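This report concerns only the one structure given below.
The values are calculated or read from the model by the stated rules, or taken from the named source; none is laboratory data. This is a predicted model, so every value here is computed, not measured. A quick note on method: Cβ atoms are made from the backbone with ideal geometry, for glycine too, and the neighbour counts reach across all protein chains shown.
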Amino acid sequence: MAVIGVDIAKRSFDLAVLQSNGKHRTKGRLSNDPSGFAVFADWLQQHAEPGAWIVMEATGTYHEALAEHFHALGYRIAVLNPAQIARYAQSQLQRSKTDKLDAKLIATYGQRHEDSLRAWHPEPVSIRTLRALTRRLEDLQSLRQMEQSARGQPGKSPGLDSSGRAAAR
């Protein structure tokens, strides 16, 4: 069964599949948006069977749209911890790092560990919403802390009294 390795970034992704002759077939610099997904789908029609695995690293949120799109089309998706791939690269003595090489490495890792790949499934919308709100709250708390530190008033916000309410002016 074919395993497609995907190295994904904010704006683009690269693909690789290990062929039976031991060489990789690659496709590079597809846009990480619906038009790039369409090019990938066409590429899959030519170079992989319907039950193929699509293997990628967890990249914050950059991998989610691609994973959801191809999961909905019926492909098996595996989202790996980037540390797994980094350790695998070390074990293969890979020193160079390019998007194309990373896609090849992910494809090779997936092919060699196909029996232990775990199928990824999208989280429910409610969980994704809660996660996004939590991230936003953490960002705002961090900004608040930076402002407090810049004003030399740790623990206090400008314009607020000690209870956190708007101070009377």
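Remarks
- Check on Met1, touching a residue at least 12 places away in the same chain (Cβ under 8 Å) and either in a helix (DSSP H, G or I) or surrounded by fewer than 16 Cβ atoms within 10 Å (Cβ to Cβ) (or both): yes
- When Ala67, Ala38 are checked against the criterion of being crowded, with 17+ Cβ neighbours inside 10 Å and outside any strand (DSSP E or B), Ala67 stands alone in meeting it.
- The lone exception for Asn81 - which of (1) touching a helix residue (DSSP H, G or I) at 6+ places or on another chain (Cβ under 6 Å); (2) closer than 28 Å to Arg135 by Cβ it fails: (1)
- Scanning region 12-35 for residues that are in a strand (DSSP E or B), over 15 Å from Ala52 (Cβ atoms) and modelled with pLDDT of 90 or more yields Ser12, Phe13, Asp14, Thr26, Arg29, Leu30, Ser31.
- Residue match in region 99-111 (condition: farther than 19 Å from Gly60 by Cβ, within 17 Å of the chain's Cα centre (by Cα), outside any loop (DSSP other than H, G, I, E, B) and hydroxyl-bearing (Ser, Thr, Tyr)): yes
- Residue match in region 93-103 (condition: in the same structural domain as Lys10 (by TED's automatic domain parsing), hydroxyl-bearing (Ser, Thr, Tyr) and either closer than 30 Å to Leu30 by Cβ or at pLDDT 90 or above (or both)): yes
- Residues in region 89-124 that are among the charged types (D, E, K, R), surrounded by 12 or more Cβ atoms within 10 Å (Cβ to Cβ) and within 23 Å of Gln19 (Cβ to Cβ): Asp99, Lys100, Asp102, Lys104, Arg112, Glu114.
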